[in-house]
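To keep things clear, I will list the structure first and then write my remarks on it.
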Amino acid sequence: MSLTPFNSQLIADVGISLGDEGKGRLIPEVADELRDTSAPVSVVLKVNGGANSGHTAGGIKLNLLPAGVVVKDVSYLCMGAGVVADPRKIWWEARPLEHKGYNILSRLVIDERTMVSDFTHRLLDLATEHYRTHVLKEEPRGSTGRGITPAYYEEVGQWQVTYSDFLAGPNFFARKLAQRVQRAMAMIQHVYQIDAATFAGFFDTLTAAELRANDEAIQLGLFSPAEFDFKVFRGDAPFTLNLAKLTEIYWQAGTALAKNIGEVRELILREKNAGRTIIGEFGQAYWLDKRHGFSPNVTASHTYVPELFESAGIPIQRVHTIGVAKAYDTKVGTHTFITQMDDAHPLAVRLKKIEFGTSTGRQRMVGWYDAVEKGDALRYGGFQDLMINKIDALTGADELLICIAYEDASGKRYKHVPRNEAVRKTLKAVYSRHSGWTEDISQVRKFADLPVNAQRYAAAMMRSLLEVAYEGLAIPADDALPNLRYLGVGPEPSQIIKDVPATAELIKLG
């Protein structure tokens with residue numbers, strides 16, 4: 001089947017699991033598809049999150065910048081008002097990419113209402129986790145330590161500092177930052193009950209993390225190790241910071257980006273009016289949304305399609321949504337993982353060798369494909385197309401399982417994800433079973449050339465999630481069903497199958 005036309009100049013790139021689905025690789029794929037049309041991609045907008053939402057695109061690992069950096073003819077790399085961004089992190093990511101030949105700073109547009117995160121948020125992140133585990137005696141949340149949730153606290157509390165503050169005089173920024181530091185230090189000492197030795201250790205922890213993350217840039221001579229030494233921000237007494245140094249460094253980093261700060265909402269309206277296409281790039285995934293996921297294992301932002309309009313600052317209108325998943329599931333942190341594989345299972349052993357977080361390097365847990373989660377993301381989030389990655393990683397398994405329902409101890413079945421976490425924790429997966437294949441599929445580019453069992457497994461993934469999505473509802477006409485637009489058979493940009501049969505035909509194979 002040839003690729004179906006997009007039904008909007010706004011395209012949303014959204015995860016339908018719990019992140020790490022390979023959303024970054026979708027950006028250059030869509031840009032390539034539209035390049036020689038009347039509506040080429042001119043804008044890639046980072047919609048939500050911050051440096052916690054790692055993407056890999058074109059072989060480049062990104063944390064904060066939009067994955068459109070790898071598409072050289074995309075005119076604008078935008079950060080929306082729904083993003084929290086540390087200006088120093090922008091430089092740490094942009095300069096090495098510029099060194100490698102990627103044009104970043106001449107294309108980067110940071111919305112005036114994008115929120116400024118800074119070092120205090122990272123301290124609060126570590127303090128919150130310490131409080132959770134040492135005072136409340138709860139399981140660790142598995143935070144990235146990038147300060148994202150504390151930064152969003154300030155939006156809700158109406159204390160936010162935005163990039164527009166770098167366009168005013170220094171005194172206004174300095175006053176707001178001083179207030180932020182005072183609040184943070186009081187919370188760390190008195191609310192989170194951190195002792196002085198632990199507080200001092202936070203500076204070492206964060207320094208070590210950034211030295212690791214930026215080792216390549218240091219080796220290239222783009223930054224000195226001192227750039228990532230957070231100990232310069234220590235105050236003379238416990239629970240204090242060197243406010244003058246913090247203010248100086250962040251003011252310099254932010255004002256150096258002054259020419260990149262602008263009105264993203266006006267830019268997007270202008271580009272859309274000119275007939276060009278805008279891709280909204282989402283971090284995390286549907287089940288990590290702060291409202292619809294399961295706290296505390298969620299992120300601090302909204303992670304699905306409606307946030308595109310809030311972050312861009314434009315009216316709600318038709319959007320073409322592509323939901324991205326993997327051919328199996330992964331999770332990090334302390335999520336309830338109903339489909340988790342036994343660590344001793346041969347497939348689990350192999351998958352865990354390739355599953356590490358882009359932002360944090362954390363080992364991911366692995367599990368069978370959960371069609372209940374994905375079907376509900378489709379049912380309640382809405383999608384026109386899907387992309388499923390890493391089906392190649394399943395080669396060699398004798399048998400593959402797909403979760404088609406949940407079941408409690410009494411035998412009651414659940415066709416949808418319960419919204420009550422206490423209930424969800426008691427459930428077990430009900431699986432359909434599918435034969436595996438042994439042939440290497442990494443070089444296959446035509447769906448018909450896949451082993452029959454790989455074709456059937458792809459069909460079963462689609463059929464099972466659609467059965468959940470439309471359970472009890474009117475099933476759309478064949479030509480209105482969400483299609484499997486792209487099927488990833490390897491990490492390289494070329495390793496994608498694009499001629500998957502239309503869904504109505506595909507699901508008959510399974």
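Some values worked out for this structure:
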| read-out | value |
| --- | --- |
| Accessible area in square angstrom per residue, segment 236-330, 1.4 angstrom probe | 40 Å² |
| Most to least packed among 267-276, 189-198 [average Cβ atoms within 10 Å] | 267-276, 189-198 |
| Amide H contacts of residue 48 (H built 1.01 Å from N, under 5 Å, at least 5 apart or other chain) | 283 |
| Against the rule of thumb 2.2 N^0.38 Å, how large the Cα Rg of segment 309-396 comes out | 1.31 |
| For segment 199-209, Karplus couplings with θ = phi - 60° (6.51, -1.76, 1.60), whole Hz, Gly/Pro x | 4, 4, x, 4, 5, 5, 4, 5, 4, 4, 5 |
| Accessible surface, per residue, of segment 338-496 when the full set of protein chains is kept, probe 1.4 Å, Å² | 45 Å² |
| Förster radius 41 Å - calculated FRET efficiency between residue 422 and residue 178, Cβ distance, rounded to 0.05 | 0.45 |
| For segment 115-197, accessible area per residue (1.4 Å probe, heavy atoms of protein chains only), Å² | 45 Å² |
| Tilt relative to the chain, helix 452-469 - C-alpha long axis, 0 to 90 degrees, to 10 | 70 degrees |
| Area of residue 255 that stays accessible when all protein chains are in place (1.4 Å probe, Å², to 10) | 40 Å² |
| For the chain: relative contact order, % (alpha-carbon pairs under 8 angstrom, 6 or more apart) | 19 percent |
| Length-normalised contact order of segment 6-130 in % [C-alpha pairs under 8 Å, at least 6 apart] | 21 percent |
| Gain on full stretching of the segment that runs from residue 171 to residue 259 - 0.36 nm per residue minus C-alpha separation | 29.7 nm |
| For segment 394-510: relative contact order, % (alpha-carbon pairs under 8 angstrom, 6 or more apart) | 26 percent |
| Loop-resident sites, segment 153-190, for chymotrypsin sites (Phe, Trp or Tyr not before Pro), counting at most 13 other Cβ within 10 Å (DSSP) | 159 |
| Gyration tensor verdict on segment 17-146 (Cα atoms; rounded if a/c is under 1.5, prolate if a/b is larger than b/c, oblate otherwise) | prolate |
| Nonlocal amide H pairs with residue 17, under 5 Å, H built at 1.01 Å | 286, 287 |
| Sparsely packed trypsin sites (Lys or Arg not before Pro) within segment 81-190, loop by DSSP, other Cβ within 10 Å at most 14 | 100, 137 |
| Carbon and sulfur %, accessible surface of segment 170-326 computed with the full protein complex present, 1.4 Å | 53 percent |
| Prolate/oblate/rounded label for segment 81-162 (Cα gyration tensor, a/c 1.5) | oblate |
| Under-5 Å amide H pairs with residue 117, H placed in peptide plane, nonlocal only | 85, 86 |
| In sequence order, calculated HN-Hα J values of segment 491-504 (Karplus, 6.51, -1.76, 1.60; Hz; x Gly/Pro) | x, 6, x, 7, 8, 9, 9, 10, 10, 4, x, 3, 4, 4 |
| Over 16 Å [Cα-Cα, segment 32-79], rounded percent | 41 percent |
| For segment 213-237 versus segment 417-447, the gap between their alpha-carbon centres in whole angstrom | 43 Å |
| Residue-by-residue Karplus 3J(HN,Hα) for segment 181-193, coefficients 6.51, -1.76, 1.60, Hz, glycine and proline x | 4, 4, 5, 5, 5, 5, 5, 4, 7, 9, 8, 8, 6 |
| Range of Cα positions in segment 343-483 per principal axis (Å), largest first | 39, 39, 33 |
| Modelled FRET efficiency - R0 45 Å, residue 478 with residue 239, Cβ distances, 0.05 increments | 0.10 |
| Calculated [θ] (222 nm, deg cm²/dmol) that DSSP helices of n ≥ 4 give over the chain, each run adding -39,500 (n - 2.57) | -9000 deg cm²/dmol |
| Rounded percent of accessible protein surface that carbon and sulfur make up, segment 423-510, 1.4 Å probe | 52 percent |
| Approximate shape of the chain as ellipsoid semi-axes (Cα gyration tensor, √5λ), whole Å, largest first | 38, 27, 21 |
| DSSP-loop trypsin sites (Lys or Arg not before Pro) across segment 433-481, with at most 10 other Cβ within 10 angstrom | 446 |
| Alpha-carbon centroid distance for the pair segment 118-145 / segment 455-510, whole angstrom | 40 Å |
| Pairwise label distance in nanometres, residue 106 with residue 508, each label 7 Å out on the Cα-Cβ vector | 5.2 nm |
| Given charges at beta-carbon only (K, R positive; D, E negative), |dipole| of segment 343-420 in Debye | 240 debye |
| Whole-percent carbon and sulfur share, accessible surface of segment 39-132, 1.4 Å | 46 percent |
| Packing-based order for 73-81, 258-266, using average beta carbon neighbours within 10 Å, highest first | 73-81, 258-266 |
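The values are calculated or read from the model by the stated rules, or taken from the named source; none is laboratory data. Just so it is clear, the structure is predicted and the values come from calculations on it, not from any experiment. For neighbour counting, all protein chains shown are included, and Cβ atoms are generated from backbone atoms with ideal geometry for every residue, glycine included. Surface areas here come from the heavy atoms of the whole protein model, side chains and all, with no ligands, DNA or RNA. Shrake-Rupley method; radii C 1.70, N 1.55, O 1.52, S 1.80 Å.
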